[in-house]
Ligand code: NAI
């Protein structure tokens with residue numbers, strides 16, 4: 001579902017005309033397919049810390065072509081900039097400017113990934129240097145072209161650069177799974193988690209529930225979790241029963257017709273998953289609705305229905321999951337938020353309150369799941385090409401989809417890939433986080 005403009009300007013005369021007129025030239029993004037190479041060329045690892053050596057060794061163990069020094073004019077699949085030993089702002093200069101010339105050699109859809117430490121704790125000078133990486137990476141991501149992205153990994157105190165969560169995030173950011181994730185950081189808070197035995201089926205043996213799975217992003221999540229090896233329970237309202245059955249059949253899973261705002265929704269989900277598949281490992285809260293209106297014209301029904309479906313239902317279901325003995329073995333919850341809940345959107349006070357709510361809920365639930373070795377995170381999509389966004393009037397839609405670093409809308413699969421990563425044990429050390437899948441919005445947050 002690449003938009004027509006992007007197809008037109010990606011080659012031949014269209015590309016030349018767009019270039020002459022200074023029009024946006026969105027790249028055709030490389031997206032994940034099982035078995036494809038992780039990156040499009042050698043990886044340059046820059047940094048002189050022990051962490052940099054350990055990361056280079058880990059990448060070599062993945063059979064990747066690793067360079068510790070740039071080879072002039074050699075095309076690179078990616079640059080890993082390891083900055084985990086910064087003590088003062090001046091420490092940034094040497095590694096950053098050493099990596100800089102190699103940006104010219106980045107192949108299309110190339111990757112830049114920084115690895116640094118969370119700013120909190122440490123001396124003011126160390127905090128300044130570490131926080132500096134934030135501004136540096138987000139600016140650098142805006143300078144990249146041809147589908148290349150820049151993202152960062154933040155290590156909490158005591159977490160090594162090769163902890164499972166750090167290597168899991170590194171693999172995700174380097175791979176085509178993160179095609180529409182740009183200018184973002186994930187924080188690895190602990191050394192929990194485990195890298196998969198088979199990188200193509202990281203969810204093998206897991207049972208995953210996906211709400212709102214009859215269409216759109218939810219259907220893409222169901223397909224992606226199935227592709228990654230999970231058994232999927234597809235949940236949606238009875239009125240969407242036919243489409244739900246189609247999706248469930250396609251992913252060889254089961255369908256559960258259920259309005260998630262019912263009081264007993266949590267119990268119904270657990271009973272179905274355990275009764276039909278013997279276990280429950282992953283719950284993806286994707287179902288969501290919009291009832292847009294300027295606040296000045298907002299009525300009670302529009303307000304309460306959005307809050308109820310988008311956040312209150314998730315809280316009720318989580319209570320049931322947390323109380324259940326069937327959700328105790330490294331359980332994972334991933335919720336779908338929205339960049340509206342971060343930057344705000346005119347006409348969406350109810351929706352943005354509900355999606356801001358999802359992010360607050362995820363942060364506060366993380367310690368409760370940690371007791372069972374579990375994790376909970378949110379994914380905040382930006383402009384995604386779905387039936388919902390296809391209904392936006394042409395001019396507004398065209399502006400909305402171009403206003404990010406990749407100059408195009410994302411696909412449902414892009415959201416699904418981020419969810420599949422956070423649902424995997426490789427992301428076990430990441431919890432209470434919000435990962436944006438927005439191509440790095442140019443305006444707003
Ligand atoms: P959609 O409207 O195409 O699909 C939502 C699905 O949820 C539908 O199948 C619907 O029947 C189901 N659903 C609604 N209420 C339900 C309930 N009470 N119980 C069970 N199922 C229910 O929406 P889309 O675009 O696929 O969005 C999925 C999620 O992504 C939502 O949470 C949405 O807020 C979020 N999102 C979407 C963005 C986009 O650009 N499309 C951007 C940011 C967030």
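Some observations on this one:
Conditions (1) closer than 22 Å to residue 358 by Cβ; (2) within 16 Å of the ligand (Cβ to nearest atom); (3) out of contact with any helix residue (DSSP H, G or I) (no Cβ under 9 Å at 6 or more places or on another chain); (4) modelled with pLDDT under 95, marked per residue:
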site	(1), (2), (3), (4)
221	yes, yes, no, no
229	no, no, yes, no
275	no, no, yes, no
286	yes, yes, no, no
294	no, no, no, no
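- Evaluation of residue 286 against (1) in contact with a strand residue (DSSP E or B) (Cβ under 6 Å, 6 or more places away or on another chain); (2) without any contact (Cβ under 8 Å) to a residue 40 or more places away in the chain; (3) under 17 Å from residue 216 (Cβ atoms) (one fails), failing number: (2)
- Just one of the listed residues (119, 95) is under 24 Å from residue 431 (Cβ atoms), in contact (Cβ under 8 Å) with a residue 12 or more places away in the chain and surrounded by 16 or more Cβ atoms within 10 Å (Cβ to Cβ), and it is 119.
- Any hit, region 377-387, residues being crowded, with 18+ Cβ neighbours inside 10 Å, under 28 Å from residue 139 (Cα atoms) and away from the ligand (no atom under 13 Å from the Cβ): yes
- Residue among 366, 343, 370, 352 that is touching a helix residue (DSSP H, G or I) at 6+ places or on another chain (Cβ under 8 Å) and either under 25 Å from residue 225 (Cα atoms) or within 16 Å of the ligand (Cβ to nearest atom) (or both): 352
- Residue 358 in a helix (DSSP H, G or I), touching a strand residue (DSSP E or B) at 6+ places or on another chain (Cβ under 9 Å) and within 14 Å of the ligand (Cβ to nearest atom): yes
- Selection of region 168-199 for residues being part of a helix (DSSP H, G or I) and either touching a helix residue (DSSP H, G or I) at 6+ places or on another chain (Cβ under 6 Å) or not assigned by TED's automatic domain parsing to the domain that holds residue 38 (or both) yields 168, 172, 177, 178.
The values are calculated or read from the model by the stated rules, or taken from the named source; none is laboratory data. In this text, all values refer to a predicted model and were calculated from it rather than measured experimentally. All Cβ positions, even for glycine, are placed from backbone atoms using ideal geometry, and neighbour counts span all protein chains on display.
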